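Visitor: Let me begin by handing over the structure; questions about it come next.
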Amino acid sequence: MYSVDQLPLQPDELDLLNELVPLSGQQVIELGCGNARLARSLLQRFPACHVTGLEVDAVQHAKNLAQPQAGLDFLSAGAQDIPFPAASFDLALMLKSLHHVPVSLLAQALSEVARVLKPGGYLYVSEPIYDGALNEVVRLFNDEGVVRAAAQAALDEALATTGQWETVTERRFAQAVSYRDFDEFEQRMMRPSFAQHDLNDAVVALVRSAFEPHMNPAGARFVRPMHVRLLRRTGN
């Protein structure tokens, strides 16, 4: 078992990824890349790599295309239907994105990832743990308990039944998350372009009342507990 307060703080997840996976000269695909922050940092540190970022949110995809970077391509596509031939990539990244895949499509998505990875390639899945003070605030308007559990169950099922994967390692750590004030929290967390939450004045007020006790003169600071599972594609 673990305690959120005892998890090691990981200031930069790229450091952990680099510890677990060889990154020099890799062909990388990130599924549900969001703003591709880690991918951009990866290419700055390892310029011989190439990263392809897939994103289903049209607003974020347009923003990504407007910020080109050498070695980084973007496509509008989801993990359940990856538009690349078999064995195209050395490493697949899913950073807080597996639980956003519709539950009915999780098995298909993991099968697609297996298809486009080279034998011996890695799948790095980093998912938020359903725990901690930030989760207690967020679940008031976006309770992800069911979908996060489904994401972990889909990984377990793929490992147990498909013959496509083997476990390499698991890690748990904490990420520091901060917000200047409630307005920033509301914009980033409650009104993202990729999701429509069922918000009304009463819900916003409830969330504000839960958020405000975490405020201090420097803003609101949380730690988000994370669970990394590193899988290897089997085969020759």
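Just so it is clear, none of the values below were taken in a lab; they were calculated from the coordinates. In this text the structure is predicted, and so the values were computed from the model without any measurement. Neighbour counts are summed over all protein chains in view; Cβ atoms, including those assigned to glycine, are modelled from backbone coordinates with ideal geometry.
Visitor: Skipping prolines and chain starts, which residues have an amide H placed within reach, meaning under 5 Å, of the one on GLU30, given they are 5 or more residues away or on another chain?
Guide: THR52, GLY53, LEU54, LEU93
Visitor: If you build the Cα gyration tensor of region 14-97 and take the root of 5 times each eigenvalue, what three semi-axes come out, in whole angstrom, biggest first?
Guide: Taking √(5λ) for each eigenvalue gives 19, 15, 12 Å, largest first.
Visitor: Another question about this same structure. Taking the number of other C-beta atoms within 10 Å as the exposure measure, put ASP156, ASP131 in order starting with the fewest.
Guide: Going from least to most buried by this count: ASP156, ASP131.
Visitor: Just from its helices, what would the mean residue ellipticity at 222 nm be for the chain, if runs of 4 or more DSSP H residues each count -39500 (n - 2.57) and the sum is divided by every residue, rounded to the nearest 500 deg cm²/dmol?
Guide: Only helices count here, giving -9000 deg cm²/dmol.
Visitor: Could you work out the relative contact order of the chain, using alpha carbon pairs under 8 angstrom and six or more residues apart, expressed as a whole percent?
Guide: Normalised by residue count, the contact order of the chain is 23 percent.
Visitor: OK, next. Might you report the magnitude of the Cβ-based charge dipole of the chain about its Cα centre, with Lys and Arg at +1 and Asp and Glu at -1, to the nearest 20 debye?
Guide: 480
Visitor: Which order do peptides 12-18, 24-30 fall in by mean Cβ count within 10 Å, highest first?
Guide: 24-30, 12-18
Visitor: To the nearest 0.05, how large is the calculated FRET efficiency for GLN44 and ALA205 if R₀ is 41 Å and r is the Cβ-Cβ distance?
Guide: 0.45
Visitor: What is the dipole size for region 118-197, taken about its Cα centre, with +1 at each Lys and Arg Cβ and -1 at each Asp and Glu Cβ, in debye to the nearest 20?
Guide: Rounded to the nearest 20 debye, it is 240 debye.
Visitor: Using only Cα atoms, tell me the angle between helix 106-116 and the longest principal axis of the chain; keep it within 0 to 90° and round to the nearest 10.
Guide: 40
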